[in-house]
Structures are given as C-alpha cells and as structure tokens.
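Every number in this text was worked out from the coordinates using simple rules, so none of it is lab data. If you're wondering where the values come from, they're calculated on a predicted model, not measured in any experiment.
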Amino acid sequence: FSSRRRHTRLQGDWSSDVCSSDLIGALHSLNDSVVFKNGYTATYQLLEQARSRAMASVANSSHGVYIMATNLTIFEGDTYTGSGRVVPLPANVTTDQSGLSIIFDRLSGETGSLNTITVSHPRAGSSTVTINETGIIDIDE
C-alpha cells in the first residue's frame, strides 16, 4: 500500500481519494475498540454468571470471581482456592486488580462490600465495573 493520495480517472472527482495509511489507522482504532469492549463485557458477564449461580444456590454454595490483571477465574465457594474456570482477557486488555476476590453470597447474591475494577486498553481507554454491596453490577462506559 502506498500512503500517497491517488485521484480517480474522472478529473475533479475526489470522492474516492483515500489514503491507505488513513484506512489502516482507522481499522486499527476500530479493532482496539472492539477488543476493549469484549474485555469489559467479558468481565461483566462473568460477574453476572457468578452472581446468578450464587442466587440459584448451585452446588449449595456461594460463587465468586477472582480477578487478576490479565484473566478472571469463576469459582465456587466462600474463598478462592486456586481452582475454577479461567477466562483470559483479550490481548492488551487489563484490569487494575491483582488478586481480588469478589464473592456473591448464596441465595442473596450480595457481596457485603463495594468493589470497583477498572478495565483498560492502552489505545481504547478504560471503563469502570462497579459491584455494590447488594451484588448489583454496573459498567461506566
């Protein structure tokens, strides 16, 4: 691809003039935004899944999510014991937490404390996921 501007055969018709480097930049930006959205959506969905499992008393237990900088682990029980289903975040998406357990109480789905997680992408920005004391999860996009 050339970064030089090209004109169409019809003299004076500049509607199809596009710099290929402009297109590549726009595609990278769009890709970064999609990857970032997938990251904070995955975080939200995994938290919701843990809360739903706790409220349904699956395995007669509480459920939680263990949060690291580049992955999340959904687990069963009152504490994270190192086992569970690990969900890696998309490339270049990170959280500001390392070693945070958010546990949803069996039946009520409450956490008992306010928790915030900032999900970031170096080129697409950041969003805050908040889990309040009653277990309600919200994303500040």
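Mind computing the radius of gyration and Dmax over the alpha-carbon atoms of the stretch 82-141? Å is fine for both.
12.9, 40
Quick one: give the max-minus-min coordinate of the C-alpha atoms of the stretch 23-119 along each principal axis, largest first, in Å.
53, 24, 22
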